[in-house]
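What follows is a short report on a single structure.
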Amino acid sequence: MDTNIAIIVGRLTRDPELKTLPNGGHVADFSVATGRHWKDKNTGEKREETDFHNVVVFGAQADSCAQYLKKGQLVSIEGRMQTRTWEGDNGVKHYRTEIIASNVHFGPKPNSGGNQDVQQPYRREAKQSNPRYTTVSHEEKIEYPTEDINIEDIPF
């Protein structure tokens with residue numbers, strides 16, 4: 001069985017652009033930046049890398065994206081990968097890989113003063129010998145560990 005699933009969480013690099021198809025339907029396209037951070041094992045330097053993903057959304061969801069999403073906003077995209085090819089005027093072959101979105105989940109708008117994280121904050125319950133995590137309401141204060149966390153101790 002073949003599977004083509006793409007899931008990304010990142011920030012919009014530009015406002016969505018809404019277009020009308022010849023059949024009257026709507027399509028929106030935008031770009032999402034995702035990043036990763038790590039510590040170089042040889043030099044000890046902190047490193048980071050950013051990838052940019054082209055996203056295409058069709059139908060009513062395209063209208064919603066164009067209306068409510070703004071550059072810098074956090075967004076979660078679920079969909080499938082697709083690569084298009086075409087030949088330019090000068091005979092050069094071009095390629096473009098896109099995520100054709102089936103679900104778009106909006107995060108808070110930039111500078112809205114809201115929590116910029118997609119997930120709810122978690123805290124450890126100290127009552128049990130096997131730590132368990134529970135969702136913290138926005139009214140509760142989050143207790144962060146006081147000791148330094150060694151990234152190499154994380155099992156994944």
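What the table below lists for this structure:
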read-out: Candidate set from segment 41-80 (those that are of a type in the set (A, V, I, L, M) and within 21 Å of Leu21 (Cα to Cα)); member that is surrounded by the fewest Cβ atoms within 10 Å (Cβ to Cβ); value: Ala60
read-out: Some residue of segment 85-97 being touching an Asp or Glu at 6+ places or on another chain (Cβ under 9 Å), surrounded by 10 or more Cβ atoms within 10 Å (Cβ to Cβ) and not in a loop (DSSP other than H, G, I, E, B); value: no
read-out: Residue list for segment 1-43, restricted to those being in contact (Cβ under 8 Å) with a residue 40 or more places away in the chain, assigned to a loop (DSSP other than H, G, I, E, B) and aliphatic (A, V, I, L, M); value: Ile5
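Throughout, read-outs are computed from the coordinates displayed, never taken from laboratory work. In this text the structure is predicted, and so the values were computed from the model without any measurement. In this analysis, Cβ positions are derived from the backbone assuming ideal geometry, glycine residues included, and neighbour counts consider all displayed protein chains.
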